[in-house]
Amino acid sequence: MRFDIWTGKLPAQAVDCIVIGAFEGGELGETARTVDAATGGRLRRLLSRGDFPGRQGDTLLLPDLPGVKAERTLLVGLGAARSFNRRAWRRACTAALSVLARTRVRSVALGIDPPSSEPLGNYYFGRAVAEITGAALYRTNDQKTGRKPPPPALTSVSAGPVSASGAAAARRGLAHGAAVAEAQKTQRDLGNLPGNVCTPSYLAQQARQLARRYPSLKVQILDEAAIRRQKMGCLLAVAQGSEQPPRFIVLEHRGGRSTRDPIVLVGKGITFDTGGISLKDPPTMDEMKYDMSGAAAVLASLQLAAELRLPIRVIGLVAAAENMPSGRAIKPGDIVTSASGQTVEILNTDAEGRLVLCDALHYARRFSPSAVIDIATLTGACVIALGAHHTGLMSNDDALAEELLAAGRRTDDRAWRLPLTEEYAEQLKSNFADFANVGGREGGAITAAAFLGKFTQGMKWAHLDIAGTAWQGGAQKGSTGRPVSLLADFLIRRAGAGAED
Ligand code: BES
Ligand code: MN
Ligand code: ZN
């Protein structure tokens with residue numbers, strides 16, 4: 001996809017289609033008014049006849065408007081003018097691109113004005129346009145054998161209006177956004193793959209492939225024997241019930257003036273979570289193929305850092321295993337020793353994510369990181385607390401937490417912080433080991449983080465619980481690509497790579 005900013009007047013753009021917005025009640029935005037004027041008021045006449053309701057998601061493709069150079073004009077509903085916000089703007093852009101993806105339109109100039117009430121800034125305007133385009137054109141990597149609709153013809157998207165002084169920042173945003181969209185595709189494809197394809201070894205292969213593609217990436221894969229040498233007793237405990245051997249992935253990006261203190265990203269890579277002996281209920285268990293979404297987000301983020309050649313050092317760690325019940329599986333009451341030396345009583349084999357993560361977090365220590373961020377589909381409790389809208393964020397460092405929250409706000413990939421005070425860790429008391437792997441139903445998202453906190457002391461650490469945000473269930477079942485956009489913003493800003501505006 002080619003992205004650019006259009007300059008001059010929208011009706012004069014030499015493209016296959018221009019896109020403008022109309023509010024409920026027929027009001028036109030600023031850019032749409034320039035098109036109306038060029039057509040001698042045709043749009044207003046159409047709207048005053050009540051032929052376009054202007055509700056969010058409504059679209060109308062108009063051919064050959066006089067005064068418009070493009071052969072097509074797409075009218076998109078923006079909903080009520082009073083409540084027009086960034087979310088409505090995003091939805092309007094998505095609706096437009098989804099419609100165009102089903103036409104033969106190859107080039108489009110988008111002219112939906114973003115809301116003045118929630119300004120984006122030029123850079124983030126560009127980022128958003130490119131990411132929205134990537135998401136709207138994404139096709140699931142399914143295994144359906146029927147005839148597929150032809151791939152979208154769209155190869156060029158130009159966006160506006162952007163002031164002459166803001167064009168450079170907006171173009172930079174578009175370039176970054178295009179790379180983020182590619183990373184989100186990586187994340188979504190990995191998530192959507194079934195558990196019989198996307199195994200721990202498959203994740204390792206994908207990391208190897210990324211390292212082949214990008215010279216700045218180095219990969220190291222620890223197999224079962226190497227994992228044992230690292231004394232990762234908790235990761236091994238989860239893996240022991242499965243026929244699939246575990247893998248521990250170390251994927252490192254060394255950018256330009258790479259520093260000594262890297263950012264370490266840690267991903268939960270449970271390629272299928274049956275719950276183990278503490279077996280899950282059958283309904284929606286298939287969705288536990290998404291339990292490696294944290295791992296996918298880490299690989300995607302490393303891809304992004306490499307693609308944008310960010311001048312920082314980033315290390316991705318993935319603890320990959322399959323959580324299965326079998327004659328060799330861990331049982332409630334089993335006690336295992338983590339790589340840190342601390343012992344854990346496994347009271348529930350379905351709380352396996354924290355077990356694989358704790359050994360990975362301990363491994364992070366050797367890099368003396370400036371920040372450690374783990375990303376995990378960790379708890380159903382987080383979904384109950386925050387639903388599908390906010391990623392749960394818990395941290396032992398206020399500045400790091402705020403940095404991540406701000407990244408989420410700027411990219412509309414938001415997180416919400418939950419408290420992580422010391423009382424929660426007390427719920428993990430065990431009579432037989434240093435602590436248990438579960439802390440009861442109350443505050444379940446936080447006690448999970450408190451468990452991880454036992455392994456991150458002295459490091460600046462944040463935990464992103466993406467159980468509610470990484471995929472959608474139901475009719476729209478599929479990976480969302482979250483929180484790649486948030487992480488991308490965090491990394492780009494840490495690299496000082498020009499997200500100024
Ligand atoms: N992968 C699940 C968390 C999950 C559940 C994500 C549902 C999304 C939807 C995790 O391994 C898990 O099973 N957690 C348990 C923890 C409990 C046993 C303390 C949970 O949330 O029920
Ligand atoms: Mn589980
Ligand atoms: Zn899990």
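General observations
- Residue satisfying all of: in region 427-456; open to solvent by 60 Å² or more (accessible area, probe 1.4 Å) and over 16 Å from Val344 (Cβ atoms); nearest to ligand 1 (Cβ to nearest atom) among these: Arg441
- Contact map, region 165-177: first residue assigned to a helix (DSSP H, G or I), second residue open to solvent by 80 Å² or more (accessible area, probe 1.4 Å), Cβ cut-off under 8 Å, separation 6 or more or different chains; pairs are Ala167/Thr7; Ala169/Glu500.
- Considering region 194-271, the qualifying helices (runs of 4 or more DSSP H), each wholly inside and each with 2 or more residues that are assigned by TED's automatic domain parsing to the domain that holds Ser479 and open to solvent by less than 10 Å² (accessible area, probe 1.4 Å), run over 200-213, 233-239.
- Residues that are more than 13 Å from His463 (Cβ to Cβ) and either open to solvent by less than 60 Å² (accessible area, probe 1.4 Å) or in contact (Cβ under 8 Å) with a residue 60 or more places away in the chain (or both) within region 385-398 comprise Ala385, Leu386, Gly387, Ala388, His389, His390, listed in sequence order.
- Residue within region 297-313 that is assigned to a strand (DSSP E or B), within 26 Å of Gly481 (Cα to Cα) and more than 12 Å from ligand 2 (Cβ to nearest atom) present: yes
Here is a yes/no grid of residues against (1) closer than 14 Å to Cys198 by Cβ; (2) of a type in the set (A, V, I, L, M); (3) at pLDDT 95 or above:
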{"site": "Cys234", "(1), (2), (3)": "no, no, yes"}
{"site": "Gly255", "(1), (2), (3)": "no, no, no"}
{"site": "Asp286", "(1), (2), (3)": "yes, no, yes"}
{"site": "Ala295", "(1), (2), (3)": "yes, yes, yes"}
{"site": "Leu308", "(1), (2), (3)": "no, yes, yes"}
{"site": "Ala319", "(1), (2), (3)": "no, yes, yes"}
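- Filtered by the rule that a residue be within 12 Å of ligand 2 (Cβ to nearest atom), outside any loop (DSSP other than H, G, I, E, B) and among the β-branched types (Val, Ile, Thr), region 344-366 gives Ile346, Val356.
- Residue ID - nearest to ligand 1 (Cβ to nearest atom), chosen from residues in region 250-280 that are among the hydrophobic types (A, V, I, L, M, F, W, C) and within 22 Å of Phe451 (Cβ to Cβ): Ile270
- Candidates Ile270, Ile221, Ile249, Ile263 - the one that is under 13 Å from Ala321 (Cβ atoms), away from ligand 2 (no atom under 16 Å from the Cβ) and among the β-branched types (Val, Ile, Thr): Ile249
- Residue in region 304-315 that is touching a Pro at 6+ places or on another chain (Cβ under 6 Å), within 12 Å of ligand 1 (Cβ to nearest atom) and open to solvent by 10 Å² or more (accessible area, probe 1.4 Å) present: no
- Under the condition of being over 14 Å from Pro114 (Cβ atoms), of a type in the set (Ser, Thr, Tyr) and either open to solvent by 20 Å² or more (accessible area, probe 1.4 Å) or assigned to a helix (DSSP H, G or I) (or both), the residues counted in region 57-102 number 3.
- Hey, Asp281 assigned to a loop (DSSP other than H, G, I, E, B), surrounded by fewer than 19 Cβ atoms within 10 Å (Cβ to Cβ), free of Cβ contacts under 8 Å to residues at least 24 places away in the same chain and within 16 Å of ligand 3 (Cβ to nearest atom) or not: yes
- For the criterion of being of a type in the set (Lys, Arg) and closer than 30 Å to Phe432 by Cα, Arg260 fails.
- Against the test of being at pLDDT 95 or above, open to solvent by 30 Å² or more (accessible area, probe 1.4 Å) and within 24 Å of the chain's Cα centre (by Cα), the options Thr155, Thr145 yield a single qualifying residue, Thr155.
- The residue that is most open to solvent (accessible area, probe 1.4 Å), among those in region 400-426 that are under 29 Å from Gly177 (Cβ atoms) and without any contact (Cβ under 8 Å) to a residue 40 or more places away in the chain, is Trp416.
- Residues of region 367-381 classified as within 14 Å of ligand 2 (Cβ to nearest atom) and either among the basic types (Lys, Arg) or in a helix (DSSP H, G or I) (or both), total: 2
- Filtering region 424-468 to residues that are of a type in the set (Lys, Arg) and either under 23 Å from Ser293 (Cβ atoms) or touching a Pro at 6+ places or on another chain (Cβ under 9 Å) (or both) leaves only Lys460.
The values are calculated or read from the model by the stated rules, or taken from the named source; none is laboratory data. For clarity, every value in this text was computed on a predicted model and none was experimentally measured. Don't worry about glycine lacking a Cβ; one is built from the backbone with ideal geometry, like all the others, and counts go over all protein chains shown. Only protein heavy atoms, including side chains, enter the accessible area calculation; ligands, DNA and RNA are left aside. Shrake-Rupley method; radii C 1.70, N 1.55, O 1.52, S 1.80 Å.
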